[in-house]
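Q: Before I ask anything, here is the structure I am working with.
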Amino acid sequence: MNDMRITERNVDANAIKIAARNCQVYYGDTHAIKDVDVDIRDKTVTAFIGPSGCGKSTFLRCLNRMNDTIDVCRVEGDIRLDGEDIYDAKVDPVQLRAKVGMVFQKPNPFPKSIYDNIAYGPRIHGLARNKAELDEIVEKSLRRGAIWDEVKDRLDAPGTGLSGGQQQRLCIARAIATEPEVLLMDEPCSALDPIATAQVEELIDELRQDYSVVIVTHSMQQAARVSQKTAFFHLGNLVEYGDTGQIFTNPHDKRTEAYITGRIG
Amino acid sequence: MNDAHIVSSYDRDLESIQALIMKMGGLVESAILDAATSLETRDEELAEQVRKRDAAIDALEEQVNERCALLLATRQPIARDLRTVLTVMKISGNLERVGDYAKNLAKRTGVLVHMTPIEGAAGAIRRMSVTVEGMLKDSLDAYIQRDAELAEDVRHRDLEVDQMYNALFREFLTFMMEDPRNITACMHLHFISKNIERMGDHVTSIAEQVIYLSTGVMPDDMRPKGDRTSMDNVEIDG
Ligand SMILES: Nc1ncnc2c1ncn2[C@@H]1O[C@H](COP(=O)(O)OP(=O)(O)O)[C@@H](O)[C@H]1O
Ligand SMILES: [Mg+2]
């Protein structure tokens, strides 16, 4: 036994889905992301961990150009999705965000029916030619979001009437509905109880079959449970990036170890 | 770099478990030395004491296991902290086994004092015991200091113990062949020296845990093995 890595978790053979090089992010004069290089793999769950304010959300938002919506924010460097520069002038950010979906900390269903929450994206992206096709996308997405059985009899009920955990799975189903390739999740479980958290984690593990999933989490245990790769951010730097098993049993950087073991550092 | 946890009771939990290991180590060290002394000085009373004291070592091992289980359940240690808990559990298991061997030595002392002594045997066994006790002491020091180098040194000293065992094994064979009346005593002495050789293996395992704890990787190079008696052949011809 040389180390604690679990072999089934080895994902290094998977294709690189997103490659970031020399990524810098500034909010006005604040240098929030400093020279980050990272390869994010397909069919892999990658966890971003680190203390509050270290830049996890900022970097996550670079991956689908959500930072474009923040006036003071400036992104530099090279970020490629399947080899294509996502900051290229000919890339439509709205199309990009359909490919690189996002789920937020607080479940934010639209104030519409469960059905319309899911149907919204496919409609604006013209993914269905008729009602029957749309019905099919809605059912498939809700099934993939592991919430179909709980809502199939009340698709017309408002999405906001569901429990927190159900709302979050509805939001994941909504993100899936536009057939993304990458799912970005920013602390998706921080507002959920342990059962709802376990359901979302189970869902994330299933989604890994088809997508590249990147999750920001404040729970060390959650990062250890759901991810195969872990990236530790500190003061805007990517300090350590490696197999989750290695990071949690034998981190190489003192700052990583201090953070994950709850030391003052 | 401050080494303390933000939650200070976490440090106290870890420290109290390690204190139990040190206490166990102290008891095991004296068990080894006292058992060997009891054999050399033919002191049945001391041997009896060693046998009785083993219960305290067993009880400490149980306490270590309980505390570790509680710490795993309540704090979910990771990285260095996880390695501390894993190694503590293994080391307490090793110490408990070494304690058992010392107790067994003391039991055999109780039998051997009623037999004619085998010349030189008790002295040689005592030297072997002192060597193992020294290795144990150093491996526990290495544990407290997280000193992988000292642990590596202990690992290599096990070769000496293996060689001492080989030499004794041959000597006992010779005594038995010379005079069959020596067989019973020599069989007991052989078990004793084999058990001390096994103590050395457990101490080596402790040293390996120290290396894992401080570096995060188990030493994987083959340790020099000196026990070749399984391949020795006794030639008896008339
Ligand atoms: N919209 C914003 N405007 C200005 N500064 C921001 C904005 N969002 C984040 N920041 C700053 O960027 C840094 C990184 O923040 P963030 O990415 O939210 O960290 P994390 O998600 O790791 O908690 C912080 O110093 C934060 O104050
Ligand atoms: Mg954040």
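The values are calculated or read from the model by the stated rules, or taken from the named source; none is laboratory data. Since the structure is predicted, the reported quantities are computational estimates derived from the model, not experimental observations. Reconstructed Cβ throughout: ideal geometry from the backbone, glycine too, with neighbour counts over all protein chains shown. Only protein heavy atoms, including side chains, enter the accessible area calculation; ligands, DNA and RNA are left aside. Shrake-Rupley method; radii C 1.70, N 1.55, O 1.52, S 1.80 Å.
Q: Filter the stretch A:207-226 for residues that are within 16 Å of ligand 1 (Cβ to nearest atom) and within 14 Å of the chain's Cα centre (by Cα); which is surrounded by the most Cβ atoms within 10 Å (Cβ to Cβ)?
A: Let us first name the residues in the stretch A:207-226 that are within 16 Å of ligand 1 (Cβ to nearest atom), namely A:214-220, A:222-223.
Subsequent filtering for residues that are within 14 Å of the chain's Cα centre (by Cα) retains A:214-218, A:222-223.
Values: A:Val214: 29, A:Ile215: 26, A:Val216: 22, A:Thr217: 24, A:His218: 15, A:Gln222: 21, A:Ala223: 25.
Top of the filtered list is A:Val214.
Q: Looking only at strands (runs of 3 or more DSSP E) that fall completely inside the stretch A:181-265, which ones have 1 or more residues that are within 14 Å of chain B (Cβ to nearest Cβ)?
A: Per the criteria, A:229-234, A:237-243.
Q: State which residue is farthest from ligand 1 (Cβ to nearest atom) when the search covers only the stretch A:36-74 and only residues that are touching a strand residue (DSSP E or B) at 6+ places or on another chain (Cβ under 6 Å) and within 14 Å of chain B (Cβ to nearest Cβ).
A: Taking the candidates together, the pick is A:Ala47.
Q: Within the stretch B:57-89, count every residue that is open to solvent by 50 Å² or more (accessible area, probe 1.4 Å) and away from chain A (no Cβ under 12 Å).
A: Qualifying residue count for the region: 13.
Q: In this structure, is A:Val72 in contact (Cβ under 8 Å) with a residue 40 or more places away in the chain and surrounded by 14 or more Cβ atoms within 10 Å (Cβ to Cβ)?
A: Taking the combined requirement at face value, the residue does not satisfy it.
Q: So, one more: Of these, A:Gly126, A:Gly77, A:Gly28, A:Gly121, which one is within 12 Å of ligand 1 (Cβ to nearest atom), more than 14 Å from chain B (Cβ to nearest Cβ) and more than 29 Å from A:Gly262 (Cβ to Cβ)? Show your work before the answer.
A: Working: A:Gly126 fails: within 12 Å of ligand 1 (Cβ to nearest atom); A:Gly77 fails: within 12 Å of ligand 1 (Cβ to nearest atom); A:Gly121 fails: within 12 Å of ligand 1 (Cβ to nearest atom).
Every option except A:Gly28 fails the conditions.
Q: Determine whether B:Asp153 is surrounded by fewer than 17 Cβ atoms within 10 Å (Cβ to Cβ) and at pLDDT 95 or above.
A: Against the criterion (surrounded by fewer than 17 Cβ atoms within 10 Å (Cβ to Cβ) and at pLDDT 95 or above), B:Asp153 qualifies.
Q: To continue, here is another question. Can you list residue pairs whose Cβ atoms sit under 7 Å apart, with the first residue in the stretch B:2-14 being more than 9 Å from chain A (Cβ to nearest Cβ) and the second being in a helix (DSSP H, G or I) and of a type in the set (A, V, I, L, M)? Count only pairs 6 or more apart in sequence or on different chains.
A: Going by the 7 Å Cβ cut-off, the qualifying pairs are B:Asp13/B:Leu71.
Q: Would you confirm, using the coordinates I've provided, whether A:Ile204 is within 14 Å of ligand 1 (Cβ to nearest atom) and surrounded by 17 or more Cβ atoms within 10 Å (Cβ to Cβ)?
A: no
Q: For the stretch B:38-56, which positions are of a type in the set (A, V, I, L, M), within 9 Å of B:Ala106 (Cβ to Cβ) and either over 19 Å from the mean Cα position of the chain (by Cα) or loosely packed, with under 14 Cβ neighbours inside 10 Å (or both)?
A: Kept after step one, since they are of a type in the set (A, V, I, L, M), are these residues of the stretch B:38-56: B:39, B:46-47, B:50, B:55-56.
Subsequent filtering for residues that are within 9 Å of B:Ala106 (Cβ to Cβ) retains B:39, B:46-47, B:50.
Scanning the stretch B:38-56 gives a single hit, B:Leu46.
Q: Same structure, new question: Take A:Lys106 and decide whether it is part of a loop (DSSP other than H, G, I, E, B) and within 20 Å of the chain's Cα centre (by Cα). Break it down into steps so the answer makes sense when it comes.
A: Details: part of a loop (DSSP other than H, G, I, E, B): yes; within 20 Å of the chain's Cα centre (by Cα): yes.
Here the answer is yes, as A:Lys106 does meet what is asked.
Q: Among the listed residues A:Arg154, A:Arg169, identify the single one that is more than 16 Å from ligand 2 (Cβ to nearest atom), more than 13 Å from chain B (Cβ to nearest Cβ) and surrounded by fewer than 16 Cβ atoms within 10 Å (Cβ to Cβ). Write out each step before concluding.
A: Values: A:Arg169 fails: surrounded by fewer than 16 Cβ atoms within 10 Å (Cβ to Cβ).
Exactly one of A:Arg154, A:Arg169 is more than 16 Å from ligand 2 (Cβ to nearest atom), more than 13 Å from chain B (Cβ to nearest Cβ) and surrounded by fewer than 16 Cβ atoms within 10 Å (Cβ to Cβ), namely A:Arg154.
Every residue, every condition in (1) under 17 Å from B:Thr229 (Cα atoms); (2) assigned to a helix (DSSP H, G or I); (3) of a type in the set (D, E, K, R), yes or no:
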| position | (1), (2), (3) |
| --- | --- |
| B:Ile144 | no, yes, no |
| B:Leu150 | no, yes, no |
| B:Val161 | yes, yes, no |
| B:Glu171 | yes, yes, yes |
| B:Met176 | yes, yes, no |
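Q: A further question on this structure: Identify all residues within the stretch A:94-110 that are in contact with a helix residue (DSSP H, G or I) (Cβ under 6 Å, 6 or more places away or on another chain) and more than 16 Å from ligand 1 (Cβ to nearest atom); write none if there are none.
A: Within the stretch A:94-110, A:Gly101, A:Pro107, A:Pro109, A:Phe110 qualify.
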